[in-house]
Amino acid sequence: MSAKLKNKGVVPSITVPDGGKWASEARQTAAALLAETGLPHRRDEYWKYTDPTTLTAPEATPAAIFESDEPLPFDGVDAVKIVFVDGVFDAAQSDALELDGVEIETLSDAAQKDIHWAGSVYGVLEGRGQYPVSRPLASYNTAMAEQGFVIRATGKAAKPISFIYLHESETSDAVIHHTIKLDEGADLTVLENGPAAARINAVMEVEVADTAAFHHVRAQGRDHERRTATHIFARLGTESSFKSFTLTVNGILTRNDAIIEFTGDNANATVAGACAGDGAFHHDDTVFITHDAVNCESRQVFKKVLRNGAVGVFQGKILVKADAQKTDGYQISQGLLLDENSTFQAKPELEIYADDVACSHGSTVGAIDDTALFYLTSRGIPHKEAQDMLTLAFLGEAIDEVEDEALADDLRALLEGWMARRHG
Amino acid sequence: MLEIKNLHVGLEEEDKQILKGVNLTVETGKVHAIMGPNGSGKSTLSYVLSGKDGYEVTDGSAELQGVDVLDMEPEERAAAGLFLAFQYPVEIPGVGNMTFLRTAVNAQRKARGEEELSAAEFLKVVRAKAKSLKIDADMLKRPVNVGFSGGEKKRNEILQMAMLEPKMCILDETDSGLDVDAMKLVAEGVNALRDAGRSFLVITHYQRLLDHIKPDVVHIMADGKIVKTGGPELALEVENNGYADILAEVA
């Protein structure tokens, strides 16, 4: 503890929002922890490769609105669409909050009540994820968030919930917190897309009960100047399944944290991401997976394509506790550098206390394969097109982690479109 | 069709000459074979003609139908009608064979100002050609050459050739790694493409491929030069006596 205090960051002066009993308690607990840790800074081990200054500054750095006439990702998916503008829920642009097998409520409504099931998840999973690595931006979020949804799936959802985050103000500063609980046997897909605001601090807590399955697919679009910090905290019950995939294209700063905890046996989790960055682009995936149950399988698959000075970071940890026998942990992170100015930094970590486990990790960084490039061009495919084909193929291996074929095809098409526009 | 004059080529990275004055003319509609011992420069010639990086042309020229190809990008050479069947076809994970073929065919058509093939038209043509090469639907769907056997890779090369319909086909040791049956199948594929308007340059170590793809002219290459040119009987001479006699004779 003394070491942590020595590195303590700036403690922001905050006043937590008013609310009912459960929400006030959760907010005050988070605020108290934040007062202890302070905000992150460059000397923190988990912020060594990503400068958090603009994420922790009192004001958001203004971000010009990115104009685009392309359709929104997942536009064609039949889903309950929930729209936020600059981080604020916009009921008028959203669908009715009705979905068979699912209860959907705004955080602000739920927070008014003194007793609510959300109290068993909100700030709880986030709180568990604060050790052994503190995550002050998530504490800040839990303490301050007034926007977000409280969602409980009691059965198989008839269709996905699709969050659409629109960015309309150059100085918007969004704090969004979703609280999701899947009851036993439930099945829910959550889609997210859009830049949200000039600066976004987003937290999603997901409790996946026994035999439930949660699917999460996210597209962080081409809004060049936005700054984003997201955290996903998940706790998995017996024979449950959790799958999260993120596609990121451009964006000056993105930090995506995923903190997954296995508490029930025979469960599986996949966290995957594909990103393509060009120029002023810094993209950091930080994953922490704790195996505290028997015979669970975790997969981390991250691919980054970087050019013109773009920076990619991957910090992935698998912690296998002493009783977590038969753990199967897999981790791969790969950077494809399209020029000599770009950087990929990877920090794979395995910490294993059980003796009967299969954990593997791999990290590579390289350029486009010249032999493959020559093969394609020798067949008449122009150099740029050949390079795009190989780039898409590289990222495609991460997109393959998306279970739903239609969504995976959407992501591939989206990526192809973004690639093609780059030449325009 | 192809006219190579006094071609001198070295490696870009190191001070080493590989081709030391190659002169070679392949007439339209003819099949020429190049044989020669290891390290004589046969594969280098095929790479330089198709535009692979890493080589430096220090002298000479190579013209395809009267146009110098040495300054062109590989894709321009392909669109101009040059095709190289690779000795070691490259595996490309994540790119479907069919997508690859269609992109290549349409890129060449576009470069030549022709109309691109629709997905349906393309599918019809590719299925017919794949069938004659015993390439099944699964091989067309899989990523390019990934998990293909040696024979499947070479058949896939011939399929590409059949789809792209080049004017000048260079086959770089297409027989290497093939058993007799696979070699026959590949040779049949090549023979089906023989045409009065199409020329072939067949590079091989062994005469046996030339039993199936009958050449009009046979060249012997050694130490970066064509040292002897003759008819098909020259290949038989190599098969019976090895290269030593011929090399001694021209030395």
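Rule-based calculations on the coordinates, nothing more; no lab input. These numbers were taken from a predicted model, which means no experiment stands behind them. Every residue, glycine among them, receives a Cβ derived from its backbone with ideal geometry; neighbour counts consider all protein chains shown.
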Label-point separation (nm) for B:E115 and A:H41, each offset 7 Å from Cα along Cα-to-Cβ? 6.9
Taking alpha-carbon centroids only, the range B:215-251 lies from the range B:1-60 a number of Å equal to 17
Taking the alpha-carbon centre of each part, the distance from the range A:258-323 to the range A:215-246 in Å is 10
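For A:T15 and A:A354, calculate 0.36 nm times their separation in residues minus their Cα-Cα distance, and state this gained length in nm to one decimal.
So the chain would gain 117.7 nm between A:T15 and A:A354.
For the range A:1-118, give the magnitude of the charge dipole about the Cα centre (Cβ charges: +1 Lys/Arg, -1 Asp/Glu; no others), in debye to the nearest 20.
Approximately 1240 debye in magnitude.
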Averaged across orientations, what area in nm² does the convex hull of the alpha carbons in chain B project? 13.5
Per-bin percent of Cα-Cα distances, the range B:169-251 [10 Å]: 16, 49, 29, 6
What are the GluC sites (Glu not before Pro) within the range A:319-424 that DSSP puts in a loop, where the Cβ has at most 15 other Cβ atoms within 10 Å? A:E340, A:E403
At a Cα cut-off below 13 Å, give the aspartates and glutamates reachable from A:K181, other chains included and same-chain residues fewer than 8 away excluded. A:E103, A:E105, A:E205, A:E207, A:D210
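Roughly what % of Cα-Cα distances in the range A:173-262 sit above 19 Å, to the whole percent?
39
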When the charge dipole of the protein assembly as shown is computed with +1 at the Cβ of Lys and Arg and -1 at the Cβ of Asp and Glu, the Cα pointing farthest to the positive end, of B:Q108, B:Q17, A:I82, is that of B:Q17
P(r) for the range A:166-316: what percent of alpha-carbon pairs falls in each 5 Å bin, starting at zero? 2, 9, 20, 21, 18, 13, 9, 5, 2, 0
Could you grab the relative contact order for the range B:103-212? Cα pairs under 8 Å, six or more apart, rounded to a whole percent. 26
Sort out the exposed loop trypsin sites (Lys or Arg not before Pro) in chain B (DSSP loop, at most 12 other Cβ within 10 Å) and tell me the longest stretch that has none. B:113-251
Mind checking the mean number of beta-carbon atoms from other chains within 10 Å of the Cβ atoms in B:53-60? 1
At q = 0.11, 0.13, 0.18 Å⁻¹, what log₁₀ I(q)/I(0) does a Debye calculation on the Cα points of the range A:48-128 give, no solvent, two decimals? -0.56, -0.77, -1.16
Per residue of A:367-375, how many C-beta atoms from partner chains lie within 10 Å of its own C-beta, taken as a mean? 5
For a distance above 20 Å, tell me the whole-number percent of Cα pairs in the range B:109-251 that qualify. 56
Dipole axis of the protein assembly as shown (+1 Lys, Arg; -1 Asp, Glu on Cβ), positive-most option in B:G150, A:A398, A:A111: B:G150
Give the residue list of GluC sites (Glu not before Pro) in the range A:167-253 that are DSSP loop and have at most 16 other beta-carbon atoms within 10 angstrom. A:E168, A:E170, A:E184
Could you tell me which trypsin sites (Lys or Arg not before Pro) in the range A:1-97 are loop residues by DSSP with no more than 11 other beta carbons within 10 angstrom of their beta carbon? A:R43
In degrees, nearest ten, helix A:21-37 long axis to first principal axis of chain A (Cα): 60
Nearest 10 degrees, 0 to 90: helix B:150-164 Cα axis against chain B principal axis: 80
At the level of C-alpha centres, the distance separating the range A:337-403 and the range A:87-131, in angstrom, is 37
On the first, second and third principal axes, largest extent first, how far apart are the outermost C-alpha atoms of chain A in Å? 69, 54, 48
Dividing the mean separation of Cα pairs under 8 Å (6+ apart) by the residue count of chain A yields a relative contact order in percent of 11
Ratio Rg/Rh [Cα only; Rh per Kirkwood] for the range B:27-133: 1.00
Quick numbers on the range A:230-285, Rg and Dmax over C-alpha atoms in Å, give 13.9, 44
Cα point-scatterer Debye curve for the range A:100-252, base-10 log of I(q)/I(0) at q = 0.12, 0.17 Å⁻¹: -0.49, -1.01
On average over all directions, what projected area in square nanometres does the range A:3-60 have, based on the convex hull of its Cα atoms? 4.7
Per residue of A:381-393, count partner chain C-beta atoms within 10 Å of its C-beta, then hand back the mean as an integer. 5
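Based on the alpha-carbon gyration tensor of the range A:1-159, what equivalent-ellipsoid semi-axes (square roots of 5 times the eigenvalues) come out, in whole Å, largest first?
They are 31, 22, 15 Å, listed largest first.
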Roughly how tilted is helix A:405-422, in degrees to the nearest 10 and between 0 and 90, from the longest Cα axis of chain A? 60
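Suppose every Lys and Arg Cβ carries +1 and every Asp and Glu Cβ carries -1, with no other charges. What dipole size does the range A:3-365 come out with about its Cα centre, to the nearest 20 debye? Could the numbers behind the result be given before it?
Values: 32 positive and 52 negative charges, 224 e Å.
So the magnitude is around 1080 debye.
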Output for the range A:319-412 (equivalent-ellipsoid semi-axes, sqrt of 5λ from the C-alpha gyration tensor, Å, descending) is 35, 18, 11
